[in-house]
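Data block below; observations after.
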Amino acid sequence: MTNKQTVSELMDHMLQVGNSVETLQILNEEGEIVNEAAMPELTDEQLKELMTRMVWTRVLDQRSISLNRQGRLGFYAPTAGQEASQLASHFALENEDFILPGYRDVPQLIWHGLPLYKAFLWSRGHFVGSQYPEGLNAMMPQIIIGAQIVQTAGVALGLKLRGKNAVALTYTGDGGASQGDFYEGMNFAGAYNAPAIFIVQNNRYAISTPVSKQSKARTIAQKAVAVGIAGIQVDGMDPLAVYAATSEARKRALNGDGPTLIETLTFRYGPHTMAGDDPTRYRTKETENEWEAKDPIVRFRKFLEKKGLWTEEEETKVIEEAKEAIKEAIKLADQTPKQKVTDLIENTFETKTFNLEEQAAIYNEKESK
């Protein structure tokens, strides 16, 4: 207790929490190291592998947009601009770790072990796209905004109770941080000291609503204070900073120090999804140009080129390999038998209800003709 400050002064002090949040950056826009102390220990091969994944995923995004426009994919949420936030965070994980992605986080699933053709089938709404290989520690992409936060708390607690040396990591956007599930999930994980990592990819707009209209909090990272867990804000266009923050959060979780909230400041270059969103209606060209100058791939390329680790020839090779892999995966997806109504009925419940039994009989007869 204190009698040296007025009630008003104490309240004002609490409001200053957001003002003291600093953004972690290691690599600036010119590919120069600006924070040597925070530099993660990554070998040259690891640095090249991370760049490979980022370039490969940018190609995947471009091809997925094209396939969507051709009517060969269903739901698709563009990822260009968020490669550092998505892939550098995933790069800090191990196969034993469990990821619970949002609908924009399909790239992390692929690099965690999901066959690409299944990712395409998931986009089409085909049930085979949700049949994961044995040993793939992941949930399907969550469509309900923020629901994966509560699920992650449960998975993390399960890992702890089973004595697993692993963490549960989830992703959501800034819009997800405005949901009730966001607070509930983090509070539960914090209360039970569960090994969870919550990554909020603050790409500035929840569909079309800017962050400034979603919350009065100056940062999303500071919301960790309310539930008593660690929080950090990171330059989400800087792969080294994202990797360093996630690696430290994982280490803390495994050491029994509880969950961490990581806010990555990033930007999606495309629309929210390919389902009719037009970002020109709520974003200015000046804003888009500002963030394009921070492109995570360009920044990392400059860094690697200065170290003599990356060339135009190597990048071209990765691009061609990605195109070929995508071509083969879409062919596999096309060859998968079409989903039938009876498939949907069979996959709804383990034991069909009486009305589903009736519907199954009707559609079995129709489909047998």
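The values are calculated or read from the model by the stated rules, or taken from the named source; none is laboratory data. The structure displayed is predicted, hence computed values, not measured ones. All Cβ positions, even for glycine, are placed from backbone atoms using ideal geometry, and neighbour counts span all protein chains on display.
Quick one: would you say Asn187 is at pLDDT 95 or above and either surrounded by fewer than 19 Cβ atoms within 10 Å (Cβ to Cβ) or farther than 18 Å from Gly18 by Cα (or both)? Yes: the conditions hold for Asn187.
For region 336-354, the criterion of a residue being closer than 30 Å to Leu50 by Cβ and of a type in the set (D, E, K, R) is satisfied by no position. Go through region 310-336 and report how many residues are farther than 20 Å from Ser64 by Cα, of a type outside the set (Asp, Glu) and either within 27 Å of the chain's Cα centre (by Cα) or at pLDDT below 95 (or both). Selection size over region 310-336: 1. Restricting attention to region 225-253, the residues being buried (at least 23 other Cβ atoms within 10 Å of the Cβ), small (Gly, Ala, Ser) and not in a strand (DSSP E or B) number 6. In region 157-180, the residue that is surrounded by the most Cβ atoms within 10 Å (Cβ to Cβ) out of those that are more than 17 Å from the chain's Cα centre (by Cα) and in a helix (DSSP H, G or I) is Leu159. Of the numbered criteria (1) touching a Gly at 6+ places or on another chain (Cβ under 6 Å); (2) within 30 Å of Lys366 (Cα to Cα), the one Leu265 fails is (2).
Of all residues in region 95-108, which are over 20 Å from Ala153 (Cβ atoms) and either among the hydrophobic types (A, V, I, L, M, F, W, C) or in contact with a Cys (Cβ under 9 Å, 6 or more places away or on another chain) (or both)? Please lay out each step first, then the result.
Step one: filter region 95-108 for residues over 20 Å from Ala153 (Cβ atoms), giving 95, 104, 106-107.
Passing the criteria: only Val106.
Trp310 meets the stated requirement of being in contact with a Leu (Cβ under 8 Å, 6 or more places away or on another chain) and surrounded by 15 or more Cβ atoms within 10 Å (Cβ to Cβ). Just one of (1) within 21 Å of Glu248 (Cα to Cα); (2) free of Cβ contacts under 8 Å to residues at least 40 places away in the same chain; (3) touching a Ser or Thr at 6+ places or on another chain (Cβ under 8 Å) fails for Ala168. It is (2).
When Thr316 is tested against (1) surrounded by 11 or more Cβ atoms within 10 Å (Cβ to Cβ); (2) outside the structural domain of Trp56 (by TED's automatic domain parsing); (3) free of Cβ contacts under 8 Å to residues at least 12 places away in the same chain; (4) in a helix (DSSP H, G or I), only condition (2) is not met. Of the numbered criteria (1) under 23 Å from Leu265 (Cα atoms); (2) surrounded by fewer than 22 Cβ atoms within 10 Å (Cβ to Cβ); (3) more than 16 Å from the chain's Cα centre (by Cα), the one Gly71 fails is (1). With respect to the conditions (1) in contact (Cβ under 8 Å) with a residue 24 or more places away in the chain; (2) over 24 Å from the mean Cα position of the chain (by Cα); (3) in the same structural domain as Thr79 (by TED's automatic domain parsing), Glu367 falls short on a single one, namely (3). In region 328-362, the residue that is farthest from Ser123 (Cα to Cα) out of those that are part of a helix (DSSP H, G or I) and polar (S, T, N, Q) is Asn355.
Take region 266-291 and flag every residue that is of a type in the set (A, V, I, L, M) and either within 14 Å of Leu87 (Cα to Cα) or part of a helix (DSSP H, G or I) (or both). I'd like the intermediate steps shown before the answer.
Kept after step one, since they are of a type in the set (A, V, I, L, M), are these residues of region 266-291: 274-275.
Answer for region 266-291, where residues must be of a type in the set (A, V, I, L, M) and either within 14 Å of Leu87 (Cα to Cα) or part of a helix (DSSP H, G or I) (or both): there is none.
Scoring Glu286 on the criteria (1) farther than 16 Å from Gly176 by Cα; (2) surrounded by 16 or more Cβ atoms within 10 Å (Cβ to Cβ) leaves a single failure, condition (2). Taking region 1-33 as the range and being loosely packed, with under 13 Cβ neighbours inside 10 Å and part of a loop (DSSP other than H, G, I, E, B) as the test, the residues that pass are Met1, Thr2, Asn3, Lys4, Gln5, Thr6, Glu22, Glu30, Glu32.
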